[in-house]
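Below: the structure, in structure tokens.
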Amino acid sequence: MIIIMLGAQGTGKGTIAGLISKETNWPQISTGDIFRKNISEKTKLGIEANQYMEKGELVPDEITVPMVIERLNQEDAQQGAILDGFPRNYAQAQKLDEILAKAGKKVDLVINLSTPKEELIERMLTRRVCTNQDCKATYNIKLQPPKKEGICDKCGATLKQREDDSNAEAIHRRLEIYEQQTSPLVKYYEEKGVLRTQTVSTTINRMGKDVAQDIIKDIKNK
Ligand code: AMP
């Protein structure tokens with residue numbers, strides 16, 4: 001089963017994708033995480049991607065699409081995968097359909113997360129991530145703090161704020177790009193009949209883990 005996590009930055013795509021992945025054993029394929037790992041390892045891909053990421057811009061499709069194709073071709077993704085952060089524009093969505101069709105597959109479910117804008121900005125500012133790239137656990141110092149301040153509960157490494165979360169301009173740019181380039185995909189997938197929209201917000205007391213629980217239940221009942 002191919003699942004896509006859609007939604008603006010800070011809606012909790014990664015958290016939900018991680019929980020679904022744990023239950024299903026399908027890998028969570030996060031383009032942002034792959035880029036960040038490459039940046040920390042100072043690979044050619046990382047150095048190139050960082051120029052765009054630090055400004056909150058999208059990494060060009062010529063770099064992003066082949067990277068996703070390669071990841072989807074790996075053995076562990078043959079039964080299913082949860083794409084977290086891809087596609088982010090129309091061209092990527094079309095390319096993905098093409099690649100999947102060649103393999104006799106398709107996008108089965110698109111989880112579209114919706115959160116009020118003020119809450120998104122607050123969530124990005126209060127998000128902290130584990131510096132251990134093999135762990136990558138995510139916390140929120142207000143909503144989901146670690147047991148010990150600044151330390152990852154899972155692996156004990158230090159936590160830090162993402163570069164692009166600490167820069168007001170990058171936050172603003174990412175939300176703008178989401179509106180302009182990514183949000184049209186809601187209609188694209190709605191027309192294909194695979195869209196499932198979920199609100200994640202403290203105002204209705206519905207958080208990512210609640211959404212994940214419902215989706216996991218449905219996947220298991222299929
Ligand atoms: P994320 O961790 O999903 O918030 O992504 C962090 C950054 O990585 C984004 O702001 C982009 O610069 C880059 N990125 C992640 N996924 C993509 C994608 N599908 N296409 C282009 N750039 C991406």
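Take the residues in the range 61-93 that are polar (S, T, N, Q) and more than 16 Å from M5 (Cα to Cα); name whichever of them is nearest to the ligand (Cβ to nearest atom). Among those that are polar (S, T, N, Q) and more than 16 Å from M5 (Cα to Cα), it is T64.
In the set (1) modelled with pLDDT of 95 or more; (2) under 27 Å from E169 (Cβ atoms); (3) out of contact with any Phe, Trp or Tyr (no Cβ under 8 Å at 6 or more places or on another chain), the condition left unmet by E98 is number (2). For the range 8-28, the set of residues classified as within 11 Å of the ligand (Cβ to nearest atom) and either modelled with pLDDT under 95 or crowded, with 23+ Cβ neighbours inside 10 Å (or both) consists of Q9, G10, T11, K13, G14, A17, listed by residue number.
When R206, R128 are screened for being among the basic types (K, R) and surrounded by fewer than 19 Cβ atoms within 10 Å (Cβ to Cβ), only R206 passes. Among the residues of the range 176-213, the one identified as within 13 Å of the ligand (Cβ to nearest atom) and touching a helix residue (DSSP H, G or I) at 6+ places or on another chain (Cβ under 7 Å) is L185. Checked against (1) within 23 Å of I39 (Cα to Cα); (2) within 16 Å of the ligand (Cβ to nearest atom), D134 meets all criteria but (2). Each residue in the range 45-56 was checked for being surrounded by 13 or more Cβ atoms within 10 Å (Cβ to Cβ) and over 13 Å from D165 (Cα atoms), and 6 pass.
Here the condition is being among the charged types (D, E, K, R) and closer than 29 Å to R206 by Cα; of K142, K105, it holds for K142 alone. Among the residues of the range 61-106, those that are surrounded by fewer than 13 Cβ atoms within 10 Å (Cβ to Cβ) and of a type in the set (D, E) comprise E62, E70, E75, D76, E98. Within the set of pairs 6 or more residues apart or between chains, which connect a residue that is within 10 Å of L83 (Cβ to Cβ) inside the range 27-38 to a residue that is among the aromatic types (F, W, Y) and crowded, with 19+ Cβ neighbours inside 10 Å with Cβ atoms less than 8 Å apart? As it stands, the answer is I29/F86; T31/F86, since those pairs meet every condition given. Annotation note: Cβ proximity below 6 Å between a residue of the range 65-88 that is without any contact (Cβ under 8 Å) to a residue 40 or more places away in the chain and a residue that is buried (at least 18 other Cβ atoms within 10 Å of the Cβ) and assigned to a helix (DSSP H, G or I) (sequence gap 6+ or interchain) occurs for V65/K95.
The values are calculated or read from the model by the stated rules, or taken from the named source; none is laboratory data. Because the structure is predicted, anything quoted here is derived from the model rather than measured. Because the Cβ atoms are built from the backbone with ideal geometry, glycine has one as well, and the counts that use them run over all protein chains shown.
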